[in-house]
Amino acid sequence: MTDVWEKGGRRTARVPEGRVERFAKLGSMLAGIAGEATLEALRRAAGRGERDGSLVLTRANAHRVTETLADLRGAAMKLGQLLSLQGEELLPPKFVEILASLRDQAYFMPEAQVREVLARELGPDCEARFAEFDFEPIAAASIGQVHAAESADGRDLAVKLQYPGVSRSISSDVDNLAVFLRVSRLLPAAIDFEVLIPELKVELRREADYRREANNTERYRRLVGDDPSVLVPRVHPDLSTRRVLATDRVYARPIEDLRSLEHPQERRDRMGTSLVRLVFRELFSFRFMQTDPNFANYLFEPKEERVALLDFGAARSFSREFIEAYRRLIISAVERDHRSLVQVATQLGFLREDEAWIGRAIFVELCELFAEPLRYPGPYDFANTDLARRLRERSLEALEEYRFSQPPTQTLFLHRKLAGSFLLCAHIGAVVDCRSAYREWVLNR
């Protein structure tokens, strides 16, 4: 049983480090799910259970999964977050509602475990390197938690500490969660989750390397340059290791706060425009993209009214050849040039050379739907469109009608970022002239 206690209104729990301990917790979760499903069947037979839905996906089981993943953190929780970002596109609404809490919630490490991590990574004299260190974190996520600190020479810092045992447990965590997904049948049968497992392991190992993230952050910061609409914090290498990352502390608010009525529509629109322009710059100028659209990675910096972007563990480079082909794909979708769209999609690996006509037709239809904001003549009102619903419904229908081959792995994360950026614009109620951004960054490059 996990030792959990409240501290300052926050839940604190030691991170399970060993593979055996982590496997035991997942095994206990699966056993609990099976037991609850049996009880629910009996309750329904007696007329006292939940009215509809799966025997497995009861509210009690949804809470059981959420609590277990939040306790384990690491790859187990990260996988839950990735699934929750898919939202209603893949998962039953009841499960999405509770699993979505994993996007920005986790237990915190207790102070004793924080001290152990600091000493192991920065040396036994690590406390002398800080004038102040707040042991109650300001944020916690799947792979690590963030603490406010001041270095001995006066730098104002945000210090991210990786949960112990995360990198060692990635493979086993993903394999064990895959068992859960198979048993619970959460994903539609047409989705071949097995082919995604190796890529998920690679991606999570990349995200668990904070030295790599530090390099990504500095690279992205150089690429953004003096853009007044975007803030990327500096890295402090002398206080960073493979499992500790020290950056400037950013004083900003969650970008979701822009939904509040205290913010004028003009401000929402300006932030939405910055998000859309940034995605196009990442693709067609940087050829380097931060691919995690978790809303917690975006902040609103009120002093300069700009987007602050955090967390570069999930970042990818793209070859010039790929970007040029992808540019043609977008142009073909926007201009409704079906022949060119199919040709480029085949070149990129979305369609097979011998793809059936129905597969080509469905692919063209989905691409045209996704390109709707770019085709729209004038500002596109993300808050008052049913585009997400139409895309979701048509995608699920397409999975039932036709089995596409697995798309190129690099495009999975690219599309995750594109879709996430559009969803964030809708979330904050932005009205954005996407066609203008399309002309600037796609047509005229």
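Descriptive notes on the structure:
- A single entry from Glu324, Glu301 fulfils the requirement of being surrounded by fewer than 19 Cβ atoms within 10 Å (Cβ to Cβ), out of contact with any Ser or Thr (no Cβ under 9 Å at 6 or more places or on another chain) and within 20 Å of Ala371 (Cα to Cα): Glu324.
- Only a single criterion out of (1) touching a Leu at 6+ places or on another chain (Cβ under 9 Å); (2) assigned to a helix (DSSP H, G or I); (3) farther than 19 Å from Ser332 by Cβ; (4) hydroxyl-bearing (Ser, Thr, Tyr) is not satisfied by Ser436, namely (1).
- Boolean, Ala388 is closer than 23 Å to Ala430 by Cα, part of a helix (DSSP H, G or I) and at pLDDT below 90: yes
Here is a yes/no grid of residues against (1) in contact (Cβ under 8 Å) with a residue 40 or more places away in the chain; (2) surrounded by 17 or more Cβ atoms within 10 Å (Cβ to Cβ); (3) assigned to a strand (DSSP E or B):
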position: Pro233; (1), (2), (3): yes, yes, no
position: Asp238; (1), (2), (3): no, no, no
position: Ala246; (1), (2), (3): yes, yes, yes
position: Val250; (1), (2), (3): yes, no, no
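- Scanning the range 199-218 for residues that are over 30 Å from Asp125 (Cα atoms) and surrounded by fewer than 16 Cβ atoms within 10 Å (Cβ to Cβ) yields Glu199, Val202.
- Cβ-Cβ contacts under 7 Å between residues 6 or more apart (or on different chains), taken from a first residue in the range 207-224 that is within 26 Å of Arg168 (Cα to Cα) and outside any helix (DSSP H, G or I) to a second residue that is polar (S, T, N, Q) and at pLDDT below 95, are listed as Ala208/Gln162; Ala208/Ser167.
- Flag for Asp292 being outside any helix (DSSP H, G or I), on the phi > 0 side of the Ramachandran plot and surrounded by 15 or more Cβ atoms within 10 Å (Cβ to Cβ): no
- Test: residue in the range 148-162 that is under 23 Å from Arg64 (Cα atoms), modelled with pLDDT under 95 and either part of a strand (DSSP E or B) or outside the structural domain of Asn294 (by TED's automatic domain parsing) (or both): no
The values are calculated or read from the model by the stated rules, or taken from the named source; none is laboratory data. Source: prediction; values computed, not measured. As a convention, Cβ positions derive from the backbone with ideal geometry for all residues, glycine included, and neighbour counts pool all protein chains shown.
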